[in-house]
Amino acid sequence: MLLLLLIILPFFGAMAAACMPAHARNREAWFAAAIALMGLVITLSQYEVISEGTVLRYELAWLASFDLNLVFRMDGLAWLFTVLIQGICLLVVLYARYYMSPKDPVPRFFAFLLAFMGAMQGVVLSGNLIQLVMFWELTSLTSFLLIGYWHHRPDARRGARMAFTVTAIGGLCLLAGVLLLGHIAGSYDLDKVLVAGDIIRAHPWYLPTLVLIALGALTKSAQFPFHFWLPHAMAAPTPVSAYLHSATMVKAGIFLLMRLWPVLAGTPEWTWIIGTAGVCTMLIGAFLAIFQHDLKGLLAYSTISHLGLITCLLGIGTPLAMVAAIFHTLNHATFKASLFMAVGIIDHETGTRDMRTLSGLRRVLPYTATLAVVASAAMAGVPLLNGFLSKEMFFAEALLVGSASNWWMSAAAVLMGIFGVAYSLRFIQVFFGLLQSGDNPTPHEPPRWMRFPVELLVLCCLIVGILPELSIGVMLDAAAQSVLGEALPEYSLAIWHGVNLPLIMSMLAFVGGVLFYLWLKLRCNLQQRDKVPLLHHLNGKEAYETTMLLLAAGAARLERLFGTRRLQPQLLLIVLCGLAACVPLWWLLPQVSTSLSLSNISWPFAMLWLVGSACAITAAWQAKFHRLAALILVGGTGIITSLTFMWLSAPDLALTQLMVETVTAILLLLGLRWLPARISADKLNLVASNTDKLRRVRDLIIAIGAGAILALVSYIILIQPDNQTISLFFLEKSLPEGGGSNVVNVLLVDFRNLDTLGEITVLSIVALTVYALLRRFRPAVESMKMPPQQRNPIDPAVNQLPGEQATTGYLQVPAVYLRLLLPIISVVAVYFFMRGHNLPGGGFIAGLVFSVGLIIQYMLAGTAWVEARLKMQPHRWISFGLALAAVTGMGAWAFGYPFLTTHTAHITLPFFGELHLPSAFLFDLGVFAVVVGTTMLILIALAHQAVRSHRIPGQSNEYRAQQETR
């Protein structure tokens, strides 16, 4: 249960933080810190259990028959990453309290940050592969919001779009790879997948699976050739950069490779794909970092390099390389987060991050300078700091895979070390020399607690570097054990291993880096160089933007070829595509053995559909001349459809169709005024032209063809024997397992209730979208306050304002009917709702019936009169309905059943007798609330427009134009 709490807590905190008042940094910061601290305490409380090798697991049944359950598991690796995510988040929140400006929308910042923390925890704690991908994509979405937090800046918007595009495409590749992986292993449960390594590596689909999963991991962790997005994400606030690029976002791909290492590693394909990407990334990133002028840009490319180092270790594939990769992941998080925060302090105090205008800062920022120099030394791999130990382990593994004739890995490792020392020296040069303080002439040390996170992280670098075995030994061992199992090798975290080749490589890298930096400074004039030697032609940003422009140009070309602003050509293309898709299915259709004969035709039924066909054809003809008549005829077709359902013994469908036709006819009637004005035939030069006639004949043939194909498919399905349909299953299971004899309602709220939940969610989204599109045209209340001489003398209800008393007798007569009609319709709605589980009815039908009663009030009394007396709040109806349906589904979890599992209780009451109380009753109530809310929301949006657009006699054109502008 604690694992579930770790996932829910940050998302709850994000929603609460978003609701807090703006520009109050203390409250939001301390609240976010409390959420992160609470999660960290829960995680640390499991240290003893995890250190013993125990795997914590919590499972919630979802779709057990498809092996898709919500599974959360924590082993040593997941525990270590969780501590990293929560610990760094806590420090970043404290740091952001002082970094963010009081003018920034701070609640939004902390809401995004907590949501991102929750998404990352979901990735590392997921015990189901599909679930992991869902959280994976959620990290892309929340990182997009964080990177583009300052959305008024073009570079922030571009960087956010670039990061999201690259990582989201990688996420789609990951989803495809995970589907293949689960298919090969026979399960998506992580525990079952991890023990199927031999089966997976021997499978013919191993290579495509590896490539797809590698694309997902390499794009997320900014590995070559997808490394270009990370530097452009530096437009985010510095706390975001410190968090995303040290402990979370870019570490997600690293975590995935570690998690699936027992399954995918150990083959030449793994070594070449992962190892090659890592080597290229660590060299390119380190070299580019040397020539950056922005402090955050330098750290961005150094992050790319260190991520490449970790990926290279994973690509080597030896057990000790895995231990070194985990160790360096921790070390990199500590010194890189502290460096980003130090850069934020410099930017905060000097107003710039340009190294060409900064120097001598140790004179005004002595404490910050000391901390930054120590963290830079850890990044460079200086002895007695944590970076030295893991980098020396990397050198040892590079030697292990090399030989006298294959020394390229060792050479690449030393070269990366040289570049690392060089860009570390370039970073710390801003603290030495003559004082140049950028835009602020009087920089000073930041507040004490703003510097505290940097101090704590630098202290960790020192402690791990001096006492590695005591400080990190047990945690590292538990994490490595969870990945390697019995293959865990013996290793030592001692500072001194004697004079050996890894030590010589470390010293060579250090001395070579110093000399290389001095040579560049003297010969290449780093401060003035704008282009990177050798690599300035390889610009990933330009390649990305060129690709996006080509895609946009291609889409525009397709739009010119196939797009149109008219509805009819769009429908024509849709129908033609549907007909084309039916062609290959023709050979798959079963042979139709039953032939039609006149004796088998029910003539009353045929006459019924002749009437329906006549309505449809006439509606198509009338649409050219009179839209209102066409709408009435379409309603006639709907009524014929309703009678057809009744004829075929489907009263639920008949009643639903009838109510839907009633509601939609009214809403469409209000929406007719939104259609564009007709283009006369004279303007189109189509008067009695042959082209117009041919077009109509073509459309008629296509319509008849499409209808005939659908009729054929329906006929084939209807003539199938009963033993080949699924109807018998639901007829047999409805009452004993669903607790109701009305199969249709039981199907909607029990067997397929997840589909119904999705449908009412889509329905709510549609209603909110319609409302959002129309609300910008809704009139202000002041615009309704018109002088008496300008009010409509024919229909005073149109002019009535909320709260006003009627001044004429117009409203008195309809009010009498309303008092009688609304309670009657409400009782009918309750009747249909209560009987729905056993007889025709249910929440959907009851919601439509009740909506019709409310619509009648609008029709008889007018918008203002109704809203003054009935406080309709459709947003709350929608939210209540969705929440009730979801909570009903979650309630099954409390009893150990899958999501949305329904049960029926049987109780006996005096006078009433035995009552059947299914849990689906509450779910159906949620459906009822959503139907009422969505219907009324659309109605209110359209009705307000009808009031606003009503032409008022005597009103000037200038007045109407002014209201239109509003």
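The values are calculated or read from the model by the stated rules, or taken from the named source; none is laboratory data. None of these values were measured; they are calculated from a predicted model. Using ideal geometry, Cβ is built from the backbone for each residue, glycine included, and neighbour counts are taken over all protein chains shown.
Here are some notes:
- Residue within the range 467-486 that is assigned by TED's automatic domain parsing to the domain that holds residue 371, at positive phi and in contact (Cβ under 8 Å) with a residue 24 or more places away in the chain present: yes
- Only one entry of 143, 101, 51 meets the criterion of being buried (at least 21 other Cβ atoms within 10 Å of the Cβ) and of a type outside the set (Val, Ile, Thr), and that entry is 143.
- Check on residue 40, touching a strand residue (DSSP E or B) at 6+ places or on another chain (Cβ under 6 Å) and either surrounded by 15 or more Cβ atoms within 10 Å (Cβ to Cβ) or in a helix (DSSP H, G or I) (or both): no
- Residue count for the range 237-267 satisfying the condition of being part of a helix (DSSP H, G or I) and closer than 18 Å to residue 126 by Cα: 14.
- Restricted to helices (runs of 4 or more DSSP H) entirely inside the range 434-520, those with at least 1 residues that are at pLDDT 85 or above, among the hydroxyl-bearing types (Ser, Thr, Tyr) and out of contact with any strand residue (DSSP E or B) (no Cβ under 7 Å at 6 or more places or on another chain) are 468-484, 501-519.
- Criterion: more than 20 Å from residue 250 (Cα to Cα) and either part of a helix (DSSP H, G or I) or under 33 Å from the mean Cα position of the chain (by Cα) (or both) - qualifying residue of 348, 332: 348
- A Cβ distance below 6 Å, combined with a sequence gap of six or more or placement on separate chains, defines the contacts here; from the range 740-765, residues that are in contact (Cβ under 8 Å) with a residue 12 or more places away in the chain reach residues that are polar (S, T, N, Q) and not in a helix (DSSP H, G or I) in the pairs 740/838; 741/838; 742/838; 750/902.
- Residue check for residue 379: out of contact with any Asp or Glu (no Cβ under 8 Å at 6 or more places or on another chain) and either touching a residue at least 60 places away in the same chain (Cβ under 8 Å) or surrounded by fewer than 22 Cβ atoms within 10 Å (Cβ to Cβ) (or both): yes
- Unique residue being of a type outside the set (Lys, Arg), under 23 Å from residue 131 (Cα atoms) and more than 23 Å from the chain's Cα centre (by Cα) when the list is 87, 76: 76
For every residue, the table says whether it meets (1) assigned to a loop (DSSP other than H, G, I, E, B); (2) more than 24 Å from residue 81 (Cα to Cα); (3) touching a Phe, Trp or Tyr at 6+ places or on another chain (Cβ under 7 Å).
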{"site": "226", "(1), (2), (3)": "yes, no, no"}
{"site": "233", "(1), (2), (3)": "no, no, no"}
{"site": "269", "(1), (2), (3)": "no, yes, no"}
{"site": "275", "(1), (2), (3)": "no, no, no"}
{"site": "284", "(1), (2), (3)": "no, yes, yes"}
{"site": "297", "(1), (2), (3)": "no, yes, no"}
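- Some residue of the range 121-140 being within 22 Å of residue 342 (Cβ to Cβ) and in a helix (DSSP H, G or I): no
- Pick from the range 596-628, criterion of a type in the set (Phe, Trp, Tyr) and at pLDDT 80 or above, ranking: nearest to residue 718 (Cα to Cα): 605
- Residue identified as part of a helix (DSSP H, G or I) and of a type outside the set (D, E, K, R) among 71, 92: 92
- Helices (runs of 4 or more DSSP H) lying entirely in the range 851-966 (those with 2 or more residues that are surrounded by 17 or more Cβ atoms within 10 Å (Cβ to Cβ) and modelled with pLDDT under 80): 863-869, 920-949
- Search result, residues across the range 406-419 that are out of contact with any Phe, Trp or Tyr (no Cβ under 7 Å at 6 or more places or on another chain) and either more than 15 Å from residue 502 (Cβ to Cβ) or surrounded by fewer than 24 Cβ atoms within 10 Å (Cβ to Cβ) (or both): 406, 407, 408, 409, 410, 411, 412, 414, 415
- Which listed residue is at pLDDT 90 or above and either surrounded by 19 or more Cβ atoms within 10 Å (Cβ to Cβ) or more than 27 Å from residue 237 (Cβ to Cβ) (or both), from 400, 425: 425
- Verdict on residue 325 being touching a helix residue (DSSP H, G or I) at 6+ places or on another chain (Cβ under 6 Å), within 14 Å of residue 262 (Cα to Cα) and either assigned to a helix (DSSP H, G or I) or modelled with pLDDT under 95 (or both): no
- Filter result (surrounded by fewer than 19 Cβ atoms within 10 Å (Cβ to Cβ), touching a residue at least 24 places away in the same chain (Cβ under 8 Å) and small (Gly, Ala, Ser)) within the range 54-87: 61, 64
Listed here are the residues, each with its yes/no results for (1) β-branched (Val, Ile, Thr); (2) touching a strand residue (DSSP E or B) at 6+ places or on another chain (Cβ under 9 Å); (3) more than 26 Å from residue 401 (Cβ to Cβ); (4) not assigned by TED's automatic domain parsing to the domain that holds residue 86.
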{"residue": "283", "(1), (2), (3), (4)": "no, no, no, yes"}
{"residue": "289", "(1), (2), (3), (4)": "no, no, no, yes"}
{"residue": "295", "(1), (2), (3), (4)": "no, yes, yes, yes"}
{"residue": "310", "(1), (2), (3), (4)": "yes, no, no, yes"}
{"residue": "315", "(1), (2), (3), (4)": "no, no, no, yes"}
{"residue": "325", "(1), (2), (3), (4)": "no, no, no, yes"}
{"residue": "328", "(1), (2), (3), (4)": "no, no, no, yes"}
{"residue": "332", "(1), (2), (3), (4)": "no, no, no, yes"}
{"residue": "337", "(1), (2), (3), (4)": "no, no, yes, yes"}
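- Of everything in the range 190-215 that is of a type in the set (D, E, K, R) and free of Cβ contacts under 8 Å to residues at least 40 places away in the same chain, the residue that is surrounded by the fewest Cβ atoms within 10 Å (Cβ to Cβ) is 198.
- In the range 271-300, residue surrounded by the fewest Cβ atoms within 10 Å (Cβ to Cβ) [restricted to those that are under 26 Å from residue 78 (Cα atoms) and under 30 Å from the mean Cα position of the chain (by Cα)]: 273
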